[in-house]
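Just below is one structure, and these are the notes that go with it.
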């Protein structure tokens, strides 16, 4: 009888663990569809230059852009990048001679880069390309409850988008970590076009960031 009870307890424990894992993957299950709905409703957000430089580009204002490689094995450490005009950061004190891993400068643009390894092969859609990063490391995918956003982490920032763009006034958000920029000489309270804010991480800790948010209904 004791062996039977022990066996039953083990089965129950495994069921609870399995249920917990399933619940933890709700974000992974539903987040690609939310992104697909945004780019499907607003197809002009996306530019496909994969045949020439291997990237999809997503931009609302034609300036700050998310670039996503369709084949991580071809793009080295630059699989996903936030690319934005350099001048506002230079005006706020950025010392480009001090740029560290995760940053680069090219043609008047500041690039925040992220390397997710060699990926799992060439992808045919912008959604599959974006989510190849999550196959590298599940922790790259986040859910920000306060804003009802999903997010993909980069080395020194994050790309966030609304879980439901029809019920959110911040449909796409570019997030830059403030502390690394401060270490590069930037006065993070005075970067034109970006908003400085202290936010809560998913674990409840606080983090200082620069934000650029877009309401797609206002385009």
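The values are calculated or read from the model by the stated rules, or taken from the named source; none is laboratory data. Just so it is clear, the model here is predicted, and its values are computed rather than measured. Every residue, glycine among them, receives a Cβ derived from its backbone with ideal geometry; neighbour counts consider all protein chains shown.
For the range 160-179, filtered to residues that are in contact (Cβ under 8 Å) with a residue 60 or more places away in the chain and surrounded by 19 or more Cβ atoms within 10 Å (Cβ to Cβ), the residue that is farthest from residue 215 (Cα to Cα) is 176. Residue 210 meets the stated requirement of being under 18 Å from the mean Cα position of the chain (by Cα), crowded, with 17+ Cβ neighbours inside 10 Å and farther than 28 Å from residue 71 by Cα. From the list 149, 144, the lone residue that is modelled with pLDDT under 95 and either in contact with a helix residue (DSSP H, G or I) (Cβ under 8 Å, 6 or more places away or on another chain) or surrounded by 14 or more Cβ atoms within 10 Å (Cβ to Cβ) (or both) is 144.
Among residues of the range 95-114 being out of contact with any strand residue (DSSP E or B) (no Cβ under 9 Å at 6 or more places or on another chain) and touching a residue at least 24 places away in the same chain (Cβ under 8 Å), the one that is nearest to residue 201 (Cα to Cα) is 100. Scanning the range 93-127 for residues that are more than 24 Å from residue 215 (Cβ to Cβ), in a helix (DSSP H, G or I) and touching a helix residue (DSSP H, G or I) at 6+ places or on another chain (Cβ under 8 Å) returns 96, 98.
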